[in-house]
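Scroll down for the structure; my scribbles are underneath it.
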Amino acid sequence: MQMAISSILIMASSIKESSANGSEDAWSMKISSFTKEDNPRGLLCESAFATLFPKYREKYLRECWPLVKNALSEHGIKAELDVVEGSMTVATTRKTWDPYIIIKARDMIKLLARSVPYEQAIKVLSDDMGCDIIKIGSLVRNRERFVKRRQRLIGPNGSTLKAIELLTNCYVCVQGNTVAALGPYKGLQHVRKIVEETMKNIHPIYNIKALMIKRELAKDPKLKNENWERFLPKFKSKNISKRKQPKKKRSKGEYTPFPPPQPESKVDKELATGEYFLKEKERKAKKLKEKQEQRSNAEIKRQEKRSQSFIPPDEPVHKKKQLQNDPDVDIHKLKKKLKSSQKQGFRQTVNTSMPGTEETKRDKKKKKEK
């Protein structure tokens with residue numbers, strides 16, 4: 001069985017590569033059509049492929065299965081749907097003349113099992129179309145992070161997915177832990193790259209922007225065969241650690257291979273001061289004397305602190321300005337100003353202090369009115 005499949009694949013690849021030009025890109029080259037006249041005797045043995053489908057796809061597959069059978073019977077492929085086991089099987093018959101069509105039929109049932117509609121899955125049977133099922137479940141370990149990145153691939157209201165489809169000319173279906181892509185082989189390469197980089201925390205908008213630039217550069221005949229790296233944007237990842245930094249950072253000293261010196265014990269300290277050789281009474285007397293000295297020092301400090309509130313502060317000394325010595329000041333003019341200001345002040349005080357002044361003014365006003 002495996003030998004037969006391998007022989008079919010080798011035969012198909014040799015037939016399709018025979019018409020290709022060596023200098024032309026293998027992904028974008030045109031594949032010549034393979035007709036019944038190219039293989040009139042058919043295949044040597046039967047080949048079959050089977051795939052499982054989930055329970056929720058059973059209703060849709062039952063509805064579209066007659067259409068699948070008719071589409072595959074044109075190429076001489078037999079298709080079976082087993083609802084009890086939940087599997088779809090495709091197999092070659094004596095009427096099958098295309099050796100590679102069984103691989104295309106296998107891809108078709110795989111796409112149908114992964115929620116791709118029949119209208120799109122049927123396109124994989126043509127020679128210039130292929131499919132790619134990208135497994136994204138194992139690329140991210142954390143479930144919440146996986147869901148967020150998968151949603152980033154779809155975008156708001158499916159806008160990001162629609163942009164990818166327009167730029168790559170592929171149909172993309174994100175379902176569960178897989179992404180099913182269907183379209184030309186060159187576009188499938190771009191779709192796989194975008195999906196894998198999105199799951200590695202690179203936003204799809206960067207790849208979309210690069211594809212848009214490539215699309216415009218491809219229109220220019222002068223730049224068609226040149227390297228486009230200088231035109232493409234280069235994005236650097238900014239991974240900033242969110243760990244909170246401490247307010248006070250402890251600076252570590254220089255590394256030394258030697259351990260720190262051993263701290264002195266109580267006996268060592270007594271030996272150094274000479275207390276170790278004193279008697280018990282002499283030790284107690286010495287300790288008592290030290291305590292009394294500490295108390296007397298504390299009492300002196302306390303008294304100084306209390307007496308500070310009774311010490312008067314130093315008053316600022318105001319120095320009189322020596323106007324006579326200043327050559328810019330005219331003393332005679334100052335005396336005249338002072339005299340005039342004193343006279344004006346005296347007149348105002350006289351007017352306000354005299355009780356009869358108000359009555360005289362009123363009388364004057366009445367006389368004028370009469």
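The values are calculated or read from the model by the stated rules, or taken from the named source; none is laboratory data. Quantities reported herein were computed from a predicted structural model and do not represent experimental measurements. To get the accessible areas, we keep the full protein, side chains included, count just its heavy atoms, and leave off ligands, DNA and RNA. Shrake-Rupley method; radii C 1.70, N 1.55, O 1.52, S 1.80 Å.
Structural remarks
- Per residue, the range 168-300 exposes an accessible area of 87 Å² to a 1.4 Å probe, with every protein chain left in place.
- Within the full protein context, the accessible area of Ser126 is estimated at about 50 Å² for a probe radius of 1.4 Å.
- Ranked order, Val147, Val172 - accessible area, probe 1.4 Å, largest first: Val147, Val172
- Solvent-accessible surface (1.4 angstrom probe) belonging to Ile194, in square angstrom, nearest 10: 0
- With all protein chains modelled, accessible area of Tyr206 [1.4 Å, Å²]: 90
- Residue-normalised accessible area of the range 27-127, expressed per residue, 1.4 Å probe, Å²: 57
- Considering the range 113-159 at the alpha-carbon level, its Rg and Dmax are found to be 14.3, 40 Å.
- Rg over Rh for the range 246-314 works out to 1.27, using Cα positions for both radii and the Kirkwood form for Rh.
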